[in-house]
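Worksheet: the structure to be examined is printed underneath.
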Amino acid sequence: MSTGTSAFSVTRDQLIESSLRTLRVLRETDVPNASQIANANQTLNILLKNMQSNGLDLWTYTTIVVPMVIGQSVYTIGPSGADVTSVRPLRLFDGSYIRDLSVTPYVDTPLRIISRREYMQFGVKSIEGVPNSIYYSPTIEIADGTTNPATGWGTLYVYTAPSQTTRSLYLNMQRPIYDMDTASDVFDLPQEWFRCLKFMLAGELAWEYPKVDPGYAREVRAMGRDLQNELQSWSVEDSPVYFQPDQMNYRNR
């Protein structure tokens, strides 16, 4: 019986080299020079950031804990300087809850995710109690009011404002895909994405190498799109979804 492994991986430079070979920019025994590596790495990171908009990929789910502060209804989440230090989350989605730490075992209560419009329509946002609703704005603001996609913070709005410090929010969020910075970096992607990423990167790089045959470049890009479409349905949760009426603002007439 086979006792094989499943630990195969590729580094940043190995994938760049494979993509350039796919484009026929490199011959079989060639290696990319420093300029080719630098240019391809920039394109690669731009591509990875664009992939973040393609859905809630399973490996990017993360839980962020926000300790409650009495009377505080707005919390920043992000790099150094935010109320909660973390990578800036991209999105908040169902599954978040508030945990009562004053009892054993802990008691978790689901939180309702609301829209910006609904939060803005609450009359007294500073009223204190047990939080039951949250709204997350994936802003990229920093302390002085300017914006910066690298160091900016997201903002969490909590209603009602906490009246105790014995509870914490556990937020179900999507984190960014991590950057590729060095030659030996391994990808923040599952193994099944390696082939897709190779063709996607090759398709992007084809724009930068005018000697690549246009017809062949189209084939490479089409392959990348086809592989990406296959993986998008694979890399999300497949549990059933149930719908029910929202009776939050329902009134008898």
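The values are calculated or read from the model by the stated rules, or taken from the named source; none is laboratory data. What you see is a predicted model; the values in this text were computed from it and never measured. With ideal geometry, Cβ positions are generated from the backbone for all residues, glycine too; neighbour counts draw on all protein chains shown. With ligands, DNA and RNA removed, areas are computed over all heavy atoms of the protein, side chains included. Shrake-Rupley method; radii C 1.70, N 1.55, O 1.52, S 1.80 Å.
Summed over region 13-29, the residues that are of a type outside the set (A, V, I, L, M), closer than 20 Å to ARG221 by Cα and in contact (Cβ under 8 Å) with a residue 24 or more places away in the chain give a count of 4.
Touching a helix residue (DSSP H, G or I) at 6+ places or on another chain (Cβ under 9 Å) and at pLDDT below 95 - does that describe any residue in region 62-75? Scanning region 62-75 turns up no residue that is touching a helix residue (DSSP H, G or I) at 6+ places or on another chain (Cβ under 9 Å) and at pLDDT below 95. Here ILE98 clears all of (1) closer than 30 Å to SER233 by Cα; (2) touching a Ser or Thr at 6+ places or on another chain (Cβ under 6 Å) except the condition numbered (1).
Residues in region 219-231 that are touching a residue at least 40 places away in the same chain (Cβ under 8 Å) and among the hydrophobic types (A, V, I, L, M, F, W, C): VAL220 only. Residues in region 17-73 that are aliphatic (A, V, I, L, M), over 30 Å from ASP94 (Cα atoms), open to solvent by 40 Å² or more (accessible area, probe 1.4 Å) and not in a loop (DSSP other than H, G, I, E, B): ALA34, ALA38.
Those strands (runs of 3 or more DSSP E) of region 122-218 in which at least 3 residues are touching a Phe, Trp or Tyr at 6+ places or on another chain (Cβ under 9 Å), free of Cβ contacts under 8 Å to residues at least 60 places away in the same chain and crowded, with 17+ Cβ neighbours inside 10 Å, considering only elements entirely within it, cover 133-141.
Note on region 78-113: among residues that are within 20 Å of SER53 (Cβ to Cβ) and open to solvent by 40 Å² or more (accessible area, probe 1.4 Å), the one that is farthest from the chain's Cα centre (by Cα) is ILE113.
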